[in-house]
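Here is the structure we will look at.
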Amino acid sequence: MPATALPAAPTDNAVAATRWVATGCLLGLIALCLAWELALAPLRPGGSWLALKALPLCIPLAGVLKNRMYTYRWVSLVIWLYFIEGVVRGWSDKPPSQWLAWAEVALCLVLFTACTLHVRLRQRNAKAAAAAAAAAAAVPAATSAP
């Protein structure tokens, strides 16, 4: 086994899991927003313009799919707008819109948790990889000294 090979970080599976959870929640939130305002419980019969609220969620989708750290940070902040809308409509609307609002709140909370865990785990892995690389670089330097 070559001396430069580093074992995989034990949290690589956790990083992948948080990525998939975040992607699934984001896609679910987009689908929920569209279905809610166009078919399931629109404000007006036949759908409403409020379905356009799904468009801002499509912007970070590419960054999440490309695994960009900045996008996860950005989404974890923007998602609170959808959380607030869900709470307000959950308290003020009548079923079935009320149930959809609480589903939106749940998706927002899971998405926020997945994004923050993803960022935290990736930063921890980067720090551990840097420490391992520094330790590996120090070992050959110590063995070559007289």
Can you tell me the dipole magnitude for the stretch 1-137 around its Cα centre, using point charges on the Cβ only (Lys, Arg +1; Asp, Glu -1), in Debye to the nearest 20?
320
Based on the Kirkwood radius over alpha-carbon pairs, what is the Stokes-Einstein translational diffusion coefficient of the chain at 37 °C with 0.692 mPa s viscosity, in µm²/s?
187
How large is the helix-only mean residue ellipticity at 222 nm for the chain, computed as the sum of -39500 (n - 2.57) over DSSP H runs with n ≥ 4, divided by its residue count, in deg cm²/dmol to the nearest 500?
-26000 deg cm²/dmol
In the chain, if the dipole is taken from +1 on Lys/Arg beta carbons and -1 on Asp/Glu beta carbons about the Cα centre, which of Pro96, Trp74, Leu40 is farthest to the positive end?
Trp74
For the stretch 88-142, take N as its residue count and report Rg(C-alpha) divided by 2.2 N^0.38 Å.
2.20
Candidate cut points under trypsin sites (Lys or Arg not before Pro) in the stretch 26-73, DSSP loop plus at most 12 other Cβ atoms within 10 Å of their own Cβ, are Lys66
Rg and Dmax of the stretch 47-90, using alpha carbons, in Å: what are they?
12.1, 35
What accessible area per residue, rounded to a whole number of Å², is obtained for the stretch 1-136 using a probe radius of 1.4 Å?
60
Can you tell which of Cys115, Ala128, Ala16 lies farthest toward the positive end of the dipole of the chain, using +1 and -1 charges on the Cβ of basic and acidic side chains (Lys, Arg; Asp, Glu)?
Ala128
How many percent of the accessible area of the stretch 23-146 is carbon or sulfur, using a 1.4 Å probe?
74
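The values are calculated or read from the model by the stated rules, or taken from the named source; none is laboratory data. These numbers come from a predicted model, not from an experiment. Don't worry about glycine lacking a Cβ; one is built from the backbone with ideal geometry, like all the others, and counts go over all protein chains shown. Remember, those area values only see protein heavy atoms, side chains included, never the ligands or the DNA or RNA. Shrake-Rupley method; radii C 1.70, N 1.55, O 1.52, S 1.80 Å.
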